[in-house]
Amino acid sequence: MVGSEPGRTGLIGSIVGYFLTSRMSVILALAALALGAAAIVVTPREEEPQIVVPMADVVVRVPGASAEEVEKLVTTPLERLLWQIDGVEYVYSISRKDMAAVTVRFFVGENREDSLIKLHTMIAKNVDLAPGIVEGWVVKPVEIDDVPIVALTLHADHGYETLYSDHDLRRMAEEMFHRLAEVENVSRITLHSGRSREVRVEIRPERLTGFNISPLEVRRALAGADRALTAGDLVAADRRTRVVSQSFLLSAGEAASLVVGVFDGRPVYLRDVADISDGPGEPADYSRIGFSDTYLSRLGLDTAHPSRPAVTLAVAKKRGVNAVTVADTVVVRAEELQREVLPRGVTLTVTRNQGETAQAKVNELLSSLGFAIVTVVALLAFALGWREALVVALAVPMSFSLALFVNHLFGYTINRVTLFALILSLGLVVDDPITNVDNIQRHIRAGIKNSLEATLDAVREVLPPVIMSTLAIIVSFTPLFFITGMMGPYMAPMAANVPLTVTFSTLAALTVVPWMAWLLLRHRHGQTAPDTAAAAEEGNRGPAPNARLLAVYTRIITPFLGTPRNRRLLAVGILAGLGLCLGLVALRLVPLKMLPFDNKNELQLLVDMPEGTTLERTDRTLRDFEAFLRTVPEVTTLVTYAGSPSPMDFNGMVRHYYWRDEPHLGEIRINLTDKSERTMQSHAIALRLRDHLDTVALRHGAVIKLVETPPGPPVLSTLTAEIYGRPDLPYPVLLDGAAHLREMMRSEPGVVDVDDSSEADRPMLDFVLDKEKAALHGITASDVVQTLRLALSGEEPAFVHAPGERQPLPVRVVLPAALRTGTQALDHLTMKSASGAMVPLAEVGSFREIATDQPILHKNLRRVAYVYAETAGVPPGEAVLDLKKRLRSDPMPPGTTVDWAGEGEWKITLDVFRDLGLANAAALASIYVLLVIQTGTFLMPLLVMSAVPLTLLGILPGFWLLNLAAGSSVGGYADPVFFTATSMIGMIALGGIVIRNSLVLIEFIQSELAAGRPLREAIIQSGAVRMRPILLTALTTALGAWPITLDPIFSGLAWALIFGLAASTLFTLVVVPSGYYALYGGGKDNPAS
């Protein structure tokens, strides 16, 4: 009995005995499964882990200042202040004429609220340092919760395309805006595109001149009319009466009847000098929704249906709530509002639903996990028996359940990384119960002791190496916590959940597994006693191995135990294999990439026309792209945006796509058929479309970027080159360097979507004021610039307070669009002199043509120019190395340098390798100390720890063969199978499996030696005993990984596990025993202890 051997069992053995002889195992198992079920229900779900990156934009208005003046007087001093804030990682800025925009980005994981408080405090206490040319500034925080999870696009239904304008749709969307805001856990809602309602006052210069009224007087009259206030109270007859003056403009008619001046003793009304209308404003952007021919045919509609105007509502959620629940609630409410608010002929299309994609991904992974568990249990039932498999079938879900529950307590969500961590852990988790059950089965069947004592002996036999290997696995995955940057929080669920699952697996191995194995197997006591009689008679040795396995293993291992020459050949073969693996990488036969491509249901096409392009031309260009995309069978819907950004995603937030609000900028959100309904992955579709899209872009002189949503942390672009120079170099020299590198990258094979941070050279008109003439007329420079701004950009000096209007209704004063085509109409704009005479603009100055300022960019206080690019069919690292080589023969302009590791995927690659390298060095040192404690020697831990690099013998050749078999070419671009960061994580997991198996095998060998068996026989006996569980672990791990070989993100991990298992199994069964014999045998059968 357990209690009879306290000295031998110790504390952990006592725990095993307690659970073996009580009913606490039942309670623990039921509690674990209940907690896991609860965790699955209550834990928020999302597709990707949320990465907290506190960030804010500081936009400063500096009217009239040149880019260089803004840089010197505003941007640089502001950057210095922001750079002093604790926790700031980067300060980016752009200085351009009239304004500066500074982005401050804190380190990943910094508290958002604290970071923003520091930012506001720093600005507030230095307000007095702001130069007088600064008109004002805005601080706009940007965070992950601002990213919309649902996009609802309103548009005319098929057959009603010409019935509703974008203004009509905008009015409907504004009503839905307010009603959707009532949905629980909705945070921010934004409206995209569509002309808003406004009261438009188009001033007529000839009428103004005729009535002796200037545009500025019209503005002052409107501003003065839009006033109301509470004046106070009158008190009389013991009664208080409130006095108010409500002089707001209540309609467009009231605005038209406003007196703006007096001429010849008669009032001049606004309608006398301007055309007034109440309706849509001028187009500032265009948005359209289109449908592919295939999609329309599937719906049974005519493919001739054109695209039509669209307005999009983007809905974000509050922090920490379930994205799936919020998205479902928003969509249901929107469908209700479609029936209640939208008229006939207007419909609503969901063009983004991250809740739906998150739920689909979680369900898919849960199904894969369940399939893997069922497959593993079926294999064990075949190899060990259904009773033994039943033990594993309980232990694995129990471990996962407890891990999910603690995952919930830690604040993690259920996302793809969390679930992949569980799938990855399956091989590690299964190993514990397999090791225990196999040993318990062997001891009970031997019949040497009663079933209870045999169970205790079996658990005690494998307990030390199991615990030690669990600690080794925990230490192996701990380095993932030390990855810095945005990859850190992305990999954090992996770093947390793998150690959690193996910890709870060990807990199950100490509690539920022995109890259930004893309960199910005790009736088999002594079934194989005749086979082990000889072993029992020879002393206190364990049961003998299976005779067939013993014969097979003897034939495998004997040659390496026989002569030193065979062991030397084995060592040489291993070294040669490692050299071959390194050669595969050096010769680029195994393509390496940090971040794999995902298989999303969307693509994004950015279209950059030359600066100065009109909004209408940009829209025509987008329609040409639309015409091509409609013919792509995988496309369902596409939404175009000209002159305004689409609803941002996390990638767009980091890349600042929400600043794409210029007339020459456009983009298309391309929605694809669900991946379950197409054979080609989204990356392959992008490769296939790339050349066709380039042809359209070339026809219009556009620069395009085909953006695929990254599976992990976003970067400015895959390849980002930063060009720096000496402090004394003019900024145009940096731009020349960027242009030089840009052309080089355009000629590099596999490098696509090349662009830089410069703008196209274009003229602008500068009104040169004759200050002497202006002074003689009593005209100030302020009068001139305000008149010009009012005429060209328009001003909103007043608002109409119309009953029932939910949105502000501005009164906009502007020159008619027909008069804003040249300087002739501007010359006739008048201003009133000090004497009351009307002075035309041409009287006090003239226009001249000058070059537009180039924007000046900074990063961390240094001037910088950027060159951006993507790769197609080429690993980014190889492209960077090739470009560096070309720069040695074709160098940059003197005084300039290129930094490839400042941004882009290359930076993430270097940072992750650096962090993992340093942390893994510490982890390996810790594992070595643990193994020294376990084995009592300094040499054996080195043999065991060589498992991790030796897994390369299976992984790298496997990826090479995989590329030969599955690598393809799409659209003229290679589409290889990359060895990625997830593949490296698979290597770490393999190392854990090998360390565990090796430790248990060594423990068995040492037990046999302690029982007096010769070394050669001890190795053969122990290897034969451990052969079945080792092979079962390899097979179960491979089967568990198989479902995720189809996932584009973690397939690298799955293939690394599958390919590496062959090498790791060989390592455990051949190299460890041979190495042990070489170290301690020395040709003798009985080495010294």
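The table below gives the values:
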quantity	calculated
11 Å beta-carbon shell around LEU337, net charge (K/R +1, D/E -1)	-2
Segment 53-142, relative contact order [Cα under 8 Å, separation at least 6], %	47
Entries in LYS361/LYS593; LYS318/LYS593; LYS140/LYS675; LYS675/LYS705 that, when Cα-Cα distance is taken, lie over 32 Å	LYS318/LYS593; LYS140/LYS675
Pair-distance profile P(r), taking every C-alpha pair of segment 834-896, with 5 angstrom steps and integer %	3, 9, 10, 13, 12, 11, 7, 5, 5, 5, 5, 6, 3, 3, 2
Rounded Å value of the spacing that divides the Cα centres of segment 460-527 and segment 135-174	50
Segment 53-142: equivalent-ellipsoid semi-axes (sqrt of 5 x gyration tensor eigenvalues, Cα, Å)	23, 13, 10
Segment 779-806 and segment 36-83: distance between their alpha carbon centers, rounded to Å	31
Dipole in debye (nearest 20) - the chain, about Cα centre, beta carbon charges: Lys, Arg +1; Asp, Glu -1	3200
Compactness index (Cα Rg / 2.2 N^0.38 Å), segment 140-293	1.53
In nm, spacing of pseudo-spin labels at ARG524 and LEU229 (7 Å Cα→C-beta vector)	9.3
Karplus-derived HN-Hα couplings along segment 740-757 (A = 6.51, B = -1.76, C = 1.60, θ = phi - 60°), whole Hz, x at Gly and Pro	4, 5, 4, 5, 5, 5, 5, 8, 7, x, x, 9, 10, 6, 7, 7, 9, 8
Backbone N under 19 Å from the ALA284 label point (7 Å along Cα→Cβ), restricted to segment 97-120	98-101
For q = 0.17, 0.23 Å⁻¹, Debye-computed log10 I/I(0) when each Cα of segment 848-962 counts as one equal scatterer	-1.06, -1.35
Straight-distance crosslink candidates among aspartates and glutamates, where the alpha carbon sits under 13 Å from LYS771 and sequence neighbours closer than 8 are dropped	ASP783, GLU843
Karplus-derived 3J(HN,Hα), 6.51/-1.76/1.60, for each residue of segment 826-835, Hz, glycine and proline x	5, 4, 8, 5, 10, 10, 8, 7, 4, 8
The chain: relative contact order as a whole-number percent, Cα under 8 Å and 6+ apart	17
Sequence of LEU776, LEU422, LEU603 once ranked by neighbouring C-beta atoms within 10 Å, starting from the fewest	LEU776, LEU603, LEU422
Helix axis angle, 487-510 relative to the chain longest principal axis, alpha carbon, degrees	30
Packing-based ranking, highest mean first, of 732-738, 881-887, 197-203 given that Cβ atoms within 10 Å are counted	197-203, 732-738, 881-887
3J(HN,Hα) from dihedral phi, segment 419-426, Karplus parametrisation 6.51/-1.76/1.60, rounded to Hz, x for glycine, proline	6, 5, 4, 5, 5, 4, 6, 4
Residue-averaged 222 nm ellipticity for the chain, from DSSP H runs of 4+ at -39500 (n - 2.57), nearest 500	-16500 deg cm²/dmol
ILE1030, ILE988 arranged by Cβ crowding within 10 Å, fewest neighbours leading	ILE988, ILE1030
Local electrostatic count at LEU384 - Lys and Arg +1, Asp and Glu -1, tallied over other residues with Cβ under 9 Å	0
Coarse-grained scattering of the chain at q = 0.05, 0.06 Å⁻¹, given as base-10 log I(q)/I(0) from a Debye sum over alpha-carbon atoms	-0.44, -0.60
Packing-based exposure ordering (other Cβ within 10 Å, fewest first) of THR780, THR455	THR780, THR455
Burial ranking of peptide ranges 950-960, 565-575 (average Cβ count within 10 Å, highest at the top)	950-960, 565-575
Kirkwood hydrodynamic radius of segment 357-402, from inverse mean 1/r over distinct Cα pairs, in Å	11.3
Straight-distance crosslink candidates among aspartates and glutamates, where the alpha carbon sits under 19 Å from LYS118 and sequence neighbours closer than 8 are dropped	ASP57, GLU79, ASP86, GLU89, GLU110, ASP128, GLU143
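Read the figures in this text as sums done on the coordinates, not as results from a lab. If you're wondering where the values come from, they're calculated on a predicted model, not measured in any experiment. A quick note on method: Cβ atoms are made from the backbone with ideal geometry, for glycine too, and the neighbour counts reach across all protein chains shown.
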